[in-house]
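The values are calculated or read from the model by the stated rules, or taken from the named source; none is laboratory data. All values derive from a computational prediction rather than experimental measurement. In this analysis, Cβ positions are derived from the backbone assuming ideal geometry, glycine residues included, and neighbour counts consider all displayed protein chains. When the accessible area is computed, the model is the full protein with side chains, heavy atoms only, and any ligands, DNA or RNA have been set aside. Shrake-Rupley method; radii C 1.70, N 1.55, O 1.52, S 1.80 Å.
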Amino acid sequence: MTQSVSRRQTLAALTATVGTTLAPKSSEVLAAPTAQSPFTLCLNMSTIRGHKLGFVKELEVASKAGFRSVEIWIETLQTYLKNGASTADARKVLSDTGIKVENAIGFAPWIVDNDADRAKGLDQMKREMDMLAEVGCMRVATPPIGAQTPNSPKIDLYKAAERYRTILELSDKTKVIPQLELWGFSPNLSHLGEVMFVAIESGHPSARVLLDIYHLYKGGSGNTMLPLVGKSAIEVFHVNDYTADFTREKITDADRVFPGDGVAPIKDTLRLIKRSDKPIVLSLEVFNKAYYAQEAQTVANTAMAKMKAMVAGV
């Protein structure tokens, strides 16, 4: 005997079957997607540089503290390579420690007026960019080295822009992007307006600026005008704090402290620069001798805890 099945019953049966097929088993429940963090926490090796650990041990200490991003110092990498290691060895160490090198701290004199010195600086930068590309570091800091002492002459900003474009054109080949760094104590590129002028007038689409909580304070720019910088101009931002014990004129690099241990407007600054499309690398850069006197792992662990607290609620 046959029975007629209504269309409603057929659809109900199909729906139940499909639902059973597609529904995840209890062991396969998918986690809800999480929002991307606006910041990547990074350790500038200056923070443990005084411990003189060397390239490999610095990475191991940072990794153990929970960092997955670092800023290395070119000199430290060069010493590692001079002692018999290869760039392939460096890449393996980075892979083994789970570390990405976000930026490198270098001091090639690319901005100086003397033609011969600048030519040597460009050659130095080209060699360093090639080396960094081989280890997977695609950024390099370019401060006004050679023009940063109190008696350094003031460099014409249009000429500085031309010179910055020259090293940006080197990056067209190496893909390692020079980050124009503000140094608050320098006669050149000590103000936010100066680094922005040079970056803009370079006329190169890869131009980027490297700013710093301490240097914005030291140079007198502060954070008020950061919204005019443009979010795409900042990929790496140096974080640190400073106490009320020193005036802006008297404070030095060595007086920087961990975020949260001073009076700098850190959270307000981070709110001004954060972007929704891409995380900004926040790199902790301090040169504190009191920290160098502590065990390196303790310093790195403290750095991570301080940075987590720094970005909480931003």
- For labels at residue 246 and residue 68 in the simple 7 Å Cα→Cβ model, what's the distance in nm? 3.4 nm
- Item | Cα pair distances exceeding 19 angstrom across region 45-184, given as percent | 52 percent
- Item | Derived scalar couplings ³J(HN,Hα) [region 47-53; Karplus, 6.51 cos²θ - 1.76 cosθ + 1.60; whole Hz; x for Gly, Pro] | 5, 10, 5, x, 7, 6, 7
- Task: Name the long-range amide H neighbours of residue 139: under 5 Å, sequence gap of 5 or more, or other chain; modelled H, no Pro or chain starts.
- Result: 104, 177
- For the chain, what is the mean residue ellipticity at 222 nm derived from helices alone (per DSSP H run of n ≥ 4: -39500 (n - 2.57); sum divided by total residues; nearest 500 deg cm²/dmol)? -13000 deg cm²/dmol
- Query: What do you get for Rg/Rh over the chain if you use C-alpha atoms and the Kirkwood form of Rh?
  - Reply: 1.15
- Highest-first arrangement of 100-110, 162-172, 83-93, where packing means the average Cβ count within 10 Å: 100-110, 162-172, 83-93
- Sorted by average packing, counted as other Cβ atoms within 10 angstrom per residue and highest first, what order do 175-186, 128-139, 272-283 take? 175-186, 128-139, 272-283
- Over region 78-168, what relative contact order in percent results from Cα pairs under 8 Å that are six or more residues apart? 34 percent
- Task: Holding the Cα-Cα limit at 31 Å, pick out from 120/308; 120/267; 82/250; 100/231; 52/306; 154/308 the pairs that are longer than that.
- Result: 120/308; 120/267; 82/250; 154/308
- Percent relative contact order of region 164-310, based on C-alpha pairs within less than 8 angstrom and at least six residues apart? 19 percent
- Item | At most 16 other Cβ within 10 Å, DSSP loop - GluC sites (Glu not before Pro), region 243-308 | 249, 295
- Item | Å² of accessible area per residue within region 208-314, as computed with a 1.4 Å probe and no ligands counted | 42 Å²
- Message: Once you keep just the Cα pairs under 8 angstrom separated by 6 or more residues, what percentage relative contact order results for the chain?
- Response: 20 percent
- Message: Under 5 Å between amide hydrogens, which residues at least 5 positions from residue 208 or on another chain qualify, with H placed 1.01 Å from N in the peptide plane?
- Response: 180
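May I ask you to give the solvent-accessible area per residue for region 50-178, in square angstrom, as obtained with a 1.4 angstrom probe?
Per residue, region 50-178 has 46 Å² of solvent-accessible surface.
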- Can you list the chymotrypsin sites (Phe, Trp or Tyr not before Pro) in region 237-283 that are in a DSSP coil and have 14 or fewer other beta carbons within 10 angstrom? 246
- Query: How large is ³J(HN,Hα) for each residue in region 223-228, as worked out from phi by the Karplus curve 6.51 cos²θ - 1.76 cosθ + 1.60 (θ = phi - 60°), to whole Hz, x for Gly and Pro?
  - Reply: 10, 4, 9, 4, x, 7
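Restricting things to Cα coordinates, could you compute the convex hull volume per residue of region 167-314 in Å³? Please report the intermediate quantities before stating the final value.
Numbers: hull volume 18.9 nm³, N = 148.
So the per-residue Cα hull volume is 128 Å³.
Of the accessible area of the chain, with the probe set at 1.4 angstrom, what percent is carbon plus sulfur?
55 percent
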